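K.L.:
I'd like to ask you about the structure that follows.
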Amino acid sequence: MRKALRWLLALTVLIGTLSTAGAATAAEPEAGTTDIKERLLSVPGMSLVEEKPYVGYRFFVLNYTQPIDHRKPSKGTFQQRITVLHKDVARPTVFFTSGYNVSTTPRRSEPTQIVDGNQVSLEYRFFTPSRPQPADWSKLDIWQAASDQHRVFTALKGIYGKKWLSTGGSKGGMTATYYERFYPRDMDGVVAYVAPNDVVNKEDSAYDRFFATVGTEECRDRLNAVQREALVRREPLEKKYAAYAAAEGYTFDTIGSLDKAYEAVVLDYVWGFWQYNSLANCGNDELIPADAAKATDDEIWTSVDTIGGFSSYTDQGLAQYTPYYYQAGTQLGAPTIRFPHVEKQYIRYGYQPPRNFVPRDIPMRFEPQAMRDVDSWVRHNARRMLFVYGENDPWGAEPFRLGKGAKDSYVMTAPGMNHGANVAGLVPEQKALATARILDWAGVAPSAVQADPQAAKPLAKFDAKLDKRDVQREMTLRP
């Protein structure tokens, strides 16, 4: 996995939907109990950063003391940020992670809206400020991160004693899956959105097949033409890039040169379009020039910058995502795709590996068994797991699959949707089934739904602020 996304639904959030109606008044302490803030702060190692008001809820930003190494807890600790969107201890709880930073603005994931519950959100280890100092990068792996979640769950289960579901989108969906693999007894269900599954890192032909068939031939040709033209016009556009970088104070020490950064952004262009745009956007002349050969340099530049972002591979653009690239180059894997529409003389570096996006003073070694282990476990042991993908999302080219050993688990694909695919975007029958299973796993399925799963719908209504997706300009080939 790797770079450039530009309009990532910063999977600090992945899909929401709730209600003002489902929460008309500020949440109050449950009758006869200690105030929820006092209960949270009574957890050893838990400290308050701030509480933010939100109608119908209590929202807390907290720090939790975690071992740097869960195998050797005595070897030091660090502070990991979590947030708690508290509704009622009598409601189920959703454990959310984006796999990146945590949002400190009240937000609700789709499963939280479906079950009308509480939400605990965790910042992934090594994302600032949840980074040990000094940073021993060998302690950034999927087992250590799953163990972070396990400790948080164990600490809070005594407060939130009803059913728990884990969820997340993209890298967050992967994170929820890895957590289930290592601690399968913690959660009562898993909802993993658009989670890539790069089982064999060196075999990426599935992505090439995806790009050969996605959308329409007309749209593919149009995108390919702009991408090729950006490489043909490398010299004048790199001069523009150099001026832009100088004006913004951007540098290129990590990737090695402006030339490498330029090609990386351009090669992400087609992927970036499909990751966060719809087929309908292919006809937008302002976004994608209709005739690339006749377009001006500024039009080509603007199209590539809008979709990919020329700041993506600068030192400043890469720094925040060093933990992601480190994991991509040590365990998660990263796609490599081909460009049959571009002559070889125009491509100097090809899809660059994650190693190019991590400072050289951080050692990296790839572990090919990590994803194979997770994939095998999911196929044979999945219990109450739902995987949701988007038909037009490149990351779905290598999805999780279920084998004969899986029980009460599902893989569903939302037609026409991209990396923002969700349960709401599924065809009606699957949408109802997925919603019914989520409600059942959470222990809150109404009797009507138990009798007829097709009657299932979210228990909480939409809240425009709480269910707003956080969209931030990021790199396009980051899940």
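The values are calculated or read from the model by the stated rules, or taken from the named source; none is laboratory data. Because the structure is predicted, anything quoted here is derived from the model rather than measured. Don't worry about glycine lacking a Cβ; one is built from the backbone with ideal geometry, like all the others, and counts go over all protein chains shown. Surface accessibility is based on the protein's heavy atoms, side chains included, excluding ligands, DNA and RNA. Shrake-Rupley method; radii C 1.70, N 1.55, O 1.52, S 1.80 Å.
K.L.:
Please list, in chain and number order, the residues 5+ apart from residue 250 or on another chain whose amide H is under 5 Å from its amide H, with Hs placed from the backbone.
P.N.:
none
K.L.:
Another one. Taking 0.36 nm per residue of sequence separation and subtracting the Cα-Cα distance, how much length would be gained by fully extending the chain between residue 218 and residue 278, in nm to one decimal?
P.N.:
That works out to 20.2 nm of additional length.
K.L.:
Also, I was wondering about something else. Only helical DSSP H runs with n ≥ 4 go in: add -39500 (n - 2.57) per run for the chain, normalise by residue count and round the 222 nm mean residue ellipticity to 500 deg cm²/dmol.
P.N.:
Only helices count here, giving -9500 deg cm²/dmol.
K.L.:
Let me ask something else. If I stretch the segment between residue 47 and residue 448 completely, what's the gain in nm (0.36 nm per residue apart, minus their alpha carbon distance), one decimal?
P.N.:
Net length gain for the segment: 140.2 nm.
K.L.:
Ok, one more. Can you work out the Karplus-derived ³J(HN,Hα) for every residue in the stretch 217-229? Use 6.51 cos²θ - 1.76 cosθ + 1.60 with θ = phi - 60°, whole Hz, and x for glycine or proline.
P.N.:
Using θ = phi - 60°, the values come out as 4, 4, 5, 4, 5, 5, 5, 4, 5, 5, 4, 4, 5 Hz.
K.L.:
If we sort 381-391, 438-448, 35-45, 250-260 on the protection proxy, mean other Cβ atoms within 10 Å, highest first, what's the order?
P.N.:
381-391, 438-448, 250-260, 35-45
K.L.:
Accessible area per residue for the stretch 220-272 in Å², computed with a 1.4 Å probe and the full protein assembly in place, what is it?
P.N.:
About 36 Å² of surface per residue is accessible.
K.L.:
Could you work out how far apart the two model spin labels at residue 468 and residue 105 are, taking each label as a point 7 Å from the Cα in the direction of the beta carbon, and quote it in nm?
P.N.:
Going from the residue 468 label point to the residue 105 one covers 0.5 nm.
K.L.:
Could you work out the local net charge near residue 342, counting Lys and Arg as +1, Asp and Glu as -1, over the other residues with Cβ closer than 14 Å to its Cβ?
P.N.:
Once all neighbours under 14 Å are counted, the net charge is +1.
K.L.:
In addition: Mean shadow of the stretch 181-337, computed from the convex hull of its alpha carbons, in nm²?
P.N.:
If I average the Cα hull's projected area over directions, I get 11.5 nm².
K.L.:
Give the calculated FRET efficiency between residue 71 and residue 362 to the nearest 0.05, with a Förster radius of 25 Å applied to their Cβ-Cβ distance.
P.N.:
So, using R0 = 25 Å, E works out to roughly 0.75.
K.L.:
The stretch 312-432: D in µm²/s via Stokes-Einstein (Kirkwood Rh, Cα pairs, 25 °C, 0.890 mPa s)?
P.N.:
142 µm²/s
K.L.:
Taking all protein chains in place and a 1.4 Å probe, what share, in percent, of the accessible surface of the chain do carbon and sulfur account for?
P.N.:
In the chain, the share of accessible area belonging to carbon and sulfur is 50 percent.
K.L.:
Let me ask something additional. Which entries in 162/468; 202/239; 240/468; 72/404; 87/171 show an alpha-carbon gap greater than 29 Å?
P.N.:
202/239; 240/468; 72/404
K.L.:
I want to check the label-to-label distance for residue 138 and residue 259. Put each point 7 Å from Cα in the C-beta direction and report it in nm to one decimal.
P.N.:
3.7 nm
K.L.:
Using 0.36 nm per residue of separation minus the Cα-Cα distance, give me the extension gain between residue 427 and residue 407 in nm, one decimal.
P.N.:
5.0 nm
K.L.:
Using the per-residue mean of other Cβ atoms lying within 10 Å as a proxy for protection, in what order, highest first, do the peptides 292-302, 193-203 fall?
P.N.:
Taking the mean over residues of other Cβ atoms within 10 Å, the ranking is 193-203, 292-302.
K.L.:
Related question: Put a dot 7 Å past each Cα toward the Cβ at residue 380 and residue 247; how far apart are the dots in nm?
P.N.:
Result: 5.8 nm between the two label points.
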